[in-house]
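The next block holds one structure in the form of structure tokens; read it before the comments.
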Amino acid sequence: MACVALSMVLIHQLPAHGRDQTGQRNGGTCATLFASKSSGVSVAETALAQPGITGRALKPETSQGWCLPNFSPVSRKRGCLVNYFHMDLPDSHVGHVSERLAQWDVVILNHDLVEAGRVSIDRMRRINPRVKILAWVPLQGPNNGMLKGVPKKSGRNWYARKTDGSYLVPHWGGNLMNPCAQDRAWMRHVLRYAREACLASGRYDGLMLDCLWHQPPAGLDVNGDKVFDRRDEAEWQEAMLFLLRDLRAAFPNTILVGNGGLPWPPESRYYDLVNGCMHENALGDEFGGDWNVLWNSYKMAAARAVHRPVFHFVQVDVRADRRSQQEATRLTTLTENDRRRFRLGLGTTLLLEGGYFGFDRGDCLHGQLWWFEEYDLDLGAPLADYKSGLFAHGSLSREFENGIVIVNPTETSIKVPAGLGFAASDNEPVTNCISVPPWDTRILVKPALGSKDTAAKTNRITQRP
């Protein structure tokens with residue numbers, strides 16, 4: 001183990017804090033913490049605090065483990081965060097939705113919500129002039145705006161069929177689309193929508209192309225020859241490349257990101273035309289894979305997109321530990337394993353340039369305003385590339401202007417020597433070492449960035465005999 005003396009403060013598993021929310025009632029400020037409306041669960045829990053005072057929320061052991069973001073102007077970079085906000089769910093039915101969304105660095109918006117007035121891009125940009133806003137363009141399972149002009153099944157048939165002629169139905173319902181049918185009619189329709197509704201006005205910085213899969217869904221007879229084979233795969237990919245080439249030619253500087261669930265394989269030609277991809281359900285057991293899948297695909301995708309600004313989305317969610325989609329919908333409290341995966345995903349994202357981290361309910365449920373204590377940290381610019389083995393064999397770390405990130409993707413704990421100036425969080429004993437458990441992350445920041453309680457604890461440590 002390399003002994004590195006650092007003068008920093010540990011931020012880990014700190015209690016969530018309530019923030020002043022919408023409206024004044026009876027001389028008190030209403031601090032709102034969100035839960036799900038589904039299955040009889042109340043939409044919100046409220047607690048009254050004195051006017052002008054930000055109250056402390058319930059401790060994580062008895063509350064959700066997340067809170068609502070503030071909605072003040074963003075004057076500093078708060079990390080590389082992405083919010084995949086493509087559904088209008090009860091979690092977001094609060095005041096100042098646009099201003100709260102602006103706290104993230106990248107926001108993926110369903111254009112239907114913008115058209116309906118649920119979200120204002122102008123208000124988001126006033127709060128955070130640096131925010132990047134991408135329009136969600138679902139290539140399969142289109143939103144309402146994209147359905148305008150799509151012929152019915154009895155007309156020109158753009159819908160995906162199996163080799164036996166039956167329609168291909170996804171797990172979220174409806175029907176899949178065949179990108180090659182009728183001389184790529186569906187792809188041309190998507191291009192018109194992307195150009196006219198999303199990009200022509202200049203309101204969006206780019207597109208997040210959902211369901212941009214490397215291969216067609218199993219059984220999809222892309223070319224209509226009644227056989228599912230490699231020719232279907234090749235024609236599917238050519239249709240997707242047709243879409244990407246047209247968008248890149250028409251909008252050379254726009255941000256294009258694709259979501260194929262898992263990142264595409266290294267040989268995919270999509271990388272030549274996009275800024276990056278999304279790893280959905282990262283660290284989850286729906287389809288996301290373990291840490292090695294996350295890390296190897298992250299490095300590969302970032303390297304493949306270096307010819308333009310990289311936007312790689314590490315989207316961790318609560319779909320793990322065999323938790324079903326229904327259970328994810330009803331979830332009101334994060335488990336310790338949820339929090340561990342949250343920290344591991346966030347820390348891993350910070351190791352490379354161009355990575356953006358998000359955490360929510362998962363597939364078909366994206367649309368939360370979940371804010372965590374770690375999101376308020378301002379680590380500043382990285383001072384160097386990540387290092388391997390600095391603290392122990394297998395460890396990964398990266399130093400920033402205001403702190404350091406230590407990732408432990410191994411089966412054994414890592415002991416990080418504290419040195420003078422270190423302080424443990426309220427949940428850890430004061431010792432000369434800080435432990436990084438297996439498959440976990442610690443983010444250390446300079447004492448000046450800690451709270452008053454943290455600063456007091458730092459003084460106690462440095463003044464010990």
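Among the conditions (1) in contact with a strand residue (DSSP E or B) (Cβ under 7 Å, 6 or more places away or on another chain); (2) within 30 Å of residue 102 (Cβ to Cβ); (3) free of Cβ contacts under 8 Å to residues at least 40 places away in the same chain, the only one that residue 147 does not satisfy is (1).
Mind listing just one residue for me: the one in the range 86-111 that is at pLDDT 95 or above and either touching a Leu at 6+ places or on another chain (Cβ under 6 Å) or charged (D, E, K, R) (or both) and, of those, nearest to residue 309 (Cα to Cα)? Per the criteria, the residue is 105. Checking the range 213-226 against the condition returns no match, with no residue being surrounded by fewer than 21 Cβ atoms within 10 Å (Cβ to Cβ), under 23 Å from residue 85 (Cβ atoms) and either outside the structural domain of residue 104 (by TED's automatic domain parsing) or among the acidic types (Asp, Glu) (or both). Restricting attention to the range 431-438, does a residue exist that is part of a loop (DSSP other than H, G, I, E, B), at pLDDT below 90 and either surrounded by 16 or more Cβ atoms within 10 Å (Cβ to Cβ) or not assigned by TED's automatic domain parsing to the domain that holds residue 140 (or both)? Yes, because at least one residue in the range 431-438 is part of a loop (DSSP other than H, G, I, E, B), at pLDDT below 90 and either surrounded by 16 or more Cβ atoms within 10 Å (Cβ to Cβ) or not assigned by TED's automatic domain parsing to the domain that holds residue 140 (or both). None of 95, 117 is on the phi > 0 side of the Ramachandran plot, surrounded by fewer than 19 Cβ atoms within 10 Å (Cβ to Cβ), more than 20 Å from the chain's Cα centre (by Cα) and assigned by TED's automatic domain parsing to the domain that holds residue 215 except 117. Here 362, 380, 347, 367 are screened, and the one residue that is of a type in the set (Gly, Ala, Ser), surrounded by 23 or more Cβ atoms within 10 Å (Cβ to Cβ) and in a loop (DSSP other than H, G, I, E, B) is 362. Specify the residue that is surrounded by the fewest Cβ atoms within 10 Å (Cβ to Cβ); the eligible residues are those in the range 227-254 that are assigned to a loop (DSSP other than H, G, I, E, B) and touching a residue at least 60 places away in the same chain (Cβ under 8 Å). Across the range 227-254, the extreme among qualifying residues is 227. Take residue 341 and decide whether it is among the charged types (D, E, K, R) and touching a strand residue (DSSP E or B) at 6+ places or on another chain (Cβ under 7 Å). When the stated conditions are applied, residue 341 passes them. Quick one: in the range 177-188, which of the residues that are crowded, with 20+ Cβ neighbours inside 10 Å and without any contact (Cβ under 8 Å) to a residue 60 or more places away in the chain is nearest to residue 245 (Cα to Cα)? Here the answer is 187. Within the range 381-393, being without any contact (Cβ under 8 Å) to a residue 40 or more places away in the chain and not aliphatic (A, V, I, L, M) holds for 382, 385, 386, 387, 388, 393. Given the condition of a type in the set (S, T, N, Q) and at positive phi, answer yes or no: does some residue in the range 269-282 qualify? Yes.
Does any residue of the range 130-141 turn out to be assigned to a loop (DSSP other than H, G, I, E, B), loosely packed, with under 15 Cβ neighbours inside 10 Å and not basic (Lys, Arg)? No.
The values are calculated or read from the model by the stated rules, or taken from the named source; none is laboratory data. Quick caveat, the model's predicted, so the values are computed rather than measured. All Cβ positions, glycine included, derive from the backbone under ideal geometry; neighbour counts span all protein chains shown.
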